[in-house]
Amino acid sequence: MSSDQNLFQIWYSAITDELRKSGELDNISSDFGILKSDEERITFAWNFPVIHRVIQVDPTFEGKSAEQSLALRNQGNTLFQKKLFNQAVSLYTESVLKAPRTSEGRELALAFANRSAAFFQLKDYNSCLQDIEWALYFGYPEELQYKLLERRGKCLDQLGKQQEAVKYLEEAKRYIHFSKLDEKTKIVLEKNLENEIKLANSRQIKFSSHQDNFSTKLEVNFKSLSLADERNKVYISASKAVRVSYNLKSGRYLVANRDIMVGETLVVDTAFASVLLPDIRTQCHHCYKWITAVLPCSQCSKVRYCSLLCAKQSWNCYHSVECKYLDLIHAAGIGCMAHLALRVVIKAGLKFLREFKQSIEPKGKSKKDPVLSGCNENGVYDPSDYSTIYHLVTHSSDRSISDMFHRTVIAVFLLKCLEGGGFFQIQGETVSQSERVFIGSLILRHLQNLPCNAHEVSNLELDLLSVGTSQTREIAAAIYATMSLFNHSCDPDVTRNFYGDICVMRSIKNIPAGKEIVDNYGTLYAVEPKIQRKVRLQEQYYFDCCCEACENSWPLYEDLVTQSSPVFRCEVCRSPLKACDASKMLKCSHCGKSHDIQSKVLLLEKSQEKYLKAMNDLLEYADVKVALPALTTELRLIENLVCAPWKDINNCQEALKQCYNIMGNCHVLKN
């Protein structure tokens, strides 16, 4: 057996090997292949003793340890004394993660306090203030609190909040009397604090950090993320500028209700469920905010939060079930889609899913209009309603027997995790085996529909010295009810950006009324050859891409930049104008409109000057406030003048995308 196999692969190989040795594998495959429903598949697999014998689901999480927390804090203290403050923060964070919420030694409060001192030395005053707040909340000894109050005052002073600084420095003076210091030392400390108070009263600190100023500009009020028009009355995450249509070949898809211009916000969608990737340590486990001051889970030593609110919401929503099994789920190596399938079911909840089982239409009953699939009883497609996720396409009929059996065994493993995590524990009630099977079937359903419908959540790691090459990093996977309805093109009409796990979709093309609005599934014509794109899309999404870029074999960007002149567009019908002589009038072969090609050339040249200036504002200064409106205006103009593919369209679109990335999940790297 390969040494690099993950845990589930080892389990699965052991199961299939045992079935093969018994001579039953072919018969089992045949019997499994004729099953029609996910409930039948779960029942079939659940009844195999070998699966239960091989897949042992026991808690494997790292719990709390006061002794380990103390040892880690002492190691941090050693580094702090050596002025290795970044390394000290790392060890103090490990101490925080290991510290019990309640202990005689108050390890958690002490770890927060020590980390706040390191943050202060690093001039990370906001993180320092957060740690001071938590240290006090978790019971930092009263006789030592004067230290934290003084540090809080100094932080506020450095942040230019002198009035608040004086308040806490005065409070620190009062708390000196609770200390166990001798009287002489108390007098010295009081005099030092009096001097600090005088200094705070006499000066006004101005922000000098470019990064702090920049971060302030990037603060986003999620409530301000507004749609281009009023909400669509049915698809409430979308603007009424779009509508949903359906046909047998494409399924559901979105269409422009009116002419849509570059830069319009078409959808603001909140994830029904999302999961942080296992290797991400820089984001809050719940809201995905970038964090330096980490708050731990109350039970395990793995999960990190940005606030008490996120910790509470996470625990109540899903983490109480997952906590003791999260390490096992990650070690199993079943991927983020499988974890997301589990999270979807946990978030929906047993009580709701019991009722939902009764609402599913029985076979033979007339079906709803496909456009309204997943809508509630009021005819509304609500992204917070589990039904919207349940009704997303699964491609069950396209899957092989071996693929389906593999997913079924994963579902059984996750069902065991639910059992161990207390999902089925309801006081005074007994959950039947048929109900457990139904829940398992839902996990299996989502193991099929999530790979075709879920989206990655990304975070921009912004280097202010190299804005253009700053990269987004995938941090989470999420399922969005409305975003999942968009079909694919290798030359998309829209771009997606993230604010926490809120996904915002904006247009990066001028989209005429009546045209389908297409997203991208990760294969862009400009950066990936056509053959590779088509293979990837067929393997994951089960379709042969026939978008314009594929049908016309558009060149890669590296070949596109060598093109000397664009193909102009008819301003009436948007058809290409094939001019042999740019100095002459040309009549559109499609609608008959006459065009002065020379005037279009001049207009394009002027446009290029403006968008290059906007590009410079973005790349040199990361000045989104100036660059975004200029780029939007110029891309609207270029889109009306020129047919894709054309290098300036690509360049302007990419610059616009980077503006949106900066406005969303974005962390400024320290240089």
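Brief remarks follow.
- Scanning the stretch 1-43 for residues that are within 18 Å of V412 (Cα to Cα) and not in a helix (DSSP H, G or I) turns up N6, L35, K36, S37.
- For beta carbons closer than 8 Å, sequence separation of 6+ or different chains, a first residue in the stretch 179-205 that is over 22 Å from P141 (Cβ atoms) and in contact (Cβ under 8 Å) with a residue 24 or more places away in the chain and a second that is among the small types (G, A, S) and in a helix (DSSP H, G or I), the qualifying pairs are E196/G153; A200/G153; A200/A165.
- None of K606, K587, K610 is touching a residue at least 12 places away in the same chain (Cβ under 8 Å) and not hydroxyl-bearing (S, T, Y) except K610.
- Taken as a whole, the structure places Y381 among residues that are open to solvent by less than 10 Å² (accessible area, probe 1.4 Å), farther than 25 Å from S434 by Cα and either of a type in the set (A, V, I, L, M, F, W, C) or in contact with a Phe, Trp or Tyr (Cβ under 9 Å, 6 or more places away or on another chain) (or both).
- Applying the set (1) assigned to a helix (DSSP H, G or I); (2) surrounded by 19 or more Cβ atoms within 10 Å (Cβ to Cβ); (3) not charged (D, E, K, R) to L586 leaves exactly one unmet item: (1).
- Pair list, Cβ < 6 Å and 6+ apart or interchain, from the stretch 259-272 residues that are within 20 Å of D501 (Cα to Cα) to residues that are among the charged types (D, E, K, R): T265/R506; A271/D501
- Pairing residues of the stretch 407-436 that are farther than 16 Å from R354 by Cα with residues that are open to solvent by 10 Å² or more (accessible area, probe 1.4 Å) and at pLDDT below 95, at Cβ distances under 7 Å and at least 6 apart in sequence or on separate chains, gives G420/P59.
- Those helices (runs of 4 or more DSSP H) of the stretch 384-470 in which at least 2 residues are of a type in the set (G, A, S), considering only elements entirely within it, cover 401-420, 433-453.
- For the stretch 108-134, the candidate set comprises residues that are of a type in the set (D, E) and outside any loop (DSSP other than H, G, I, E, B); within that set, the residue that is farthest from K289 (Cα to Cα) is E133.
- Checking Q130 against (1) closer than 21 Å to E164 by Cβ; (2) surrounded by fewer than 20 Cβ atoms within 10 Å (Cβ to Cβ); (3) in contact (Cβ under 8 Å) with a residue 40 or more places away in the chain, the condition it does not meet: (2)
- Single residue of the stretch 491-507 satisfying the filter (in contact with a Lys or Arg (Cβ under 7 Å, 6 or more places away or on another chain) and under 22 Å from L537 (Cα atoms)) that is surrounded by the fewest Cβ atoms within 10 Å (Cβ to Cβ): T495
- Residue in the stretch 155-163 that is free of Cβ contacts under 8 Å to residues at least 40 places away in the same chain and more than 19 Å from A293 (Cβ to Cβ) present: yes
- Screening the candidates Q563, Q540 for the property of being touching a residue at least 60 places away in the same chain (Cβ under 8 Å) and assigned to a loop (DSSP other than H, G, I, E, B) yields one hit, Q563.
- Failed item, numbered, when E571 is tested on (1) in contact with a strand residue (DSSP E or B) (Cβ under 6 Å, 6 or more places away or on another chain); (2) in contact (Cβ under 8 Å) with a residue 40 or more places away in the chain: (1)
- With respect to the stated conditions, S466 fails to be surrounded by fewer than 23 Cβ atoms within 10 Å (Cβ to Cβ), in contact (Cβ under 8 Å) with a residue 40 or more places away in the chain and not charged (D, E, K, R).
- Segments classed as helices (runs of 4 or more DSSP H), wholly inside the stretch 237-354, with at least 3 members that are of a type in the set (G, A, S), surrounded by 16 or more Cβ atoms within 10 Å (Cβ to Cβ) and at pLDDT 95 or above: 336-348
- Looking only at residues of the stretch 65-98 that are out of contact with any helix residue (DSSP H, G or I) (no Cβ under 6 Å at 6 or more places or on another chain) and open to solvent by less than 60 Å² (accessible area, probe 1.4 Å), we find that the one that is nearest to F119 (Cα to Cα) is T93.
The values are calculated or read from the model by the stated rules, or taken from the named source; none is laboratory data. Remember, it's a predicted structure, so these values are computed and weren't measured experimentally. All Cβ positions, glycine included, derive from the backbone under ideal geometry; neighbour counts span all protein chains shown. Areas reflect the complete protein model, heavy atoms only, side chains present, ligands, DNA and RNA absent. Shrake-Rupley method; radii C 1.70, N 1.55, O 1.52, S 1.80 Å.
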